[in-house]
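Here's the structure we're looking at; comments come further down.
Values in this text are rule-based calculations from the coordinates and carry no lab data. Treat the numbers as computed from the prediction; the structure is a model and nothing was measured. Note that we place each Cβ from the backbone using ideal geometry, even for glycine, and neighbour counts take in every protein chain shown.
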Amino acid sequence: MAEDSLLRARKLLDAVDQLVLGKRREATLILAAWLASGHVLLDDVPGVAKTRLARSLARLTDLSFARVQGTPDLLPQDITGGPVYDMKTSELAFRPGPVFHHLLLVDEINRTTPRTQAALLECMEEHQVSADGVTYPLPDPFLVIATQNPVEMEGTFPLPEAELDRFLLSLSLGYPAEADERRLVEQFSRQDPLNEVRPVLDGDELKAMKAAAQAVAINSATLDYLVTVCRSTRQHPLIDLGASPRTTVRFAQLSRSYAFLNGRSFVTPDDIKELAPYVLAHRLVPSSSATVSRVSGNALVQQLLEEIPVPVEAP
């Protein structure tokens, strides 16, 4: 079962690699987050295939997809849905919003107001929407991919810590390599293959993939290392707010799915080191001295990783 799921995962990543050139590693990280029931924040400039990557995952998995454009006048009901008057019954009926899709892309999430951002908190954590005393479950599997532009800050609302903590990963796609950009022009300038793509797996196969990923083992030494890395963010003099216990739990789930996608039945300390910047950096609140010195969250995480001894397996 695990081998079949791994083959399907690699087939999916191969297909994504043909639609979003040169971003295999980033696609692997996003898929790992999805298999860990997490969500992803893409922090990057426009035009680097953030939306395309989300659409590719939805098309290739034959799951429903919705895109919401973040604007200051976007209301919570525009995402979650809300009561609508039904003329046939003369009663209010709940009409589901775009969040009731397997994959939701919230483009430029930092252009929405704090009220609208808060509407996503329950959706992302409990995978449900509460309205008028009734709870509506969201589809399974469920993934939120949100984007924001780190350069253009005018007319934006910074994401609060509670919102950032809901994103298991934060990463940037970056510009493609020169060879990939040339291939992009040659292959996609006339016809976009995304319009004709066929699914390579379905929702049930994705659920089986999630189960196989979470069956990956973490030995005691590696788990101690993961916990130490997360706890150290709460004790560093240049960090005012570190990673939450929820982060530690999610990090363990992510490390399992990442090891699974790399063809292993166990998590290694190198997995923890590789994933730590993506999991921790966006959650940290630097101290005032770190902010003045322009010490980034990534730099703080790297400093912690250099200071914490890495467990070594016995020969």
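Highest-first packing order for the peptide set 203-209, 152-158 is 203-209, 152-158, based on the mean count of other beta carbon atoms within 10 Å. Beta bridges per DSSP, both residues in the chain: antiparallel share near 40 percent.
What is the local net charge at residue 153, summed over the other residues whose Cβ is closer than 14 Å to its Cβ (Lys, Arg +1; Asp, Glu -1)? Once all neighbours under 14 Å are counted, the net charge is -3.
Net charge of the neighbourhood of residue 171, taken over other residues with C-beta under 9 Å away and scored Lys/Arg +1, Asp/Glu -1, is -3.
Each residue in 194, 21 was given a count of other beta-carbon atoms within 10 angstrom of its own, and listing them fewest first yields 194, 21. Taking amide H atoms as placed 1.01 Å from N in the peptide plane, the amide H of residue 219 lies under 5 Å from those of 267, each 5 or more residues away in sequence or on another chain. State log₁₀ I(q)/I(0) for the stretch 216-307 at q = 0.14, 0.22, 0.26 Å⁻¹ as given by the Debye formula over alpha-carbon point scatterers of equal weight, solvent excluded. Listed by q, the Debye log ratios stand at -0.47, -1.02, -1.31. For residue 94, the residues 5 or more places off, or on other chains, whose built amide H falls under 5 Å of its own are 84.
Projecting the Cα atoms of 289, 29, 209 onto the dipole axis of the chain, where Lys and Arg carry +1 and Asp and Glu carry -1 at the beta carbon, places 209 farthest toward the positive end. For the chain, modelled as a Gaussian network with Cα springs under 10 Å, which listed residue fluctuates most, 298, 219, 149? Fluctuation is largest for 219.
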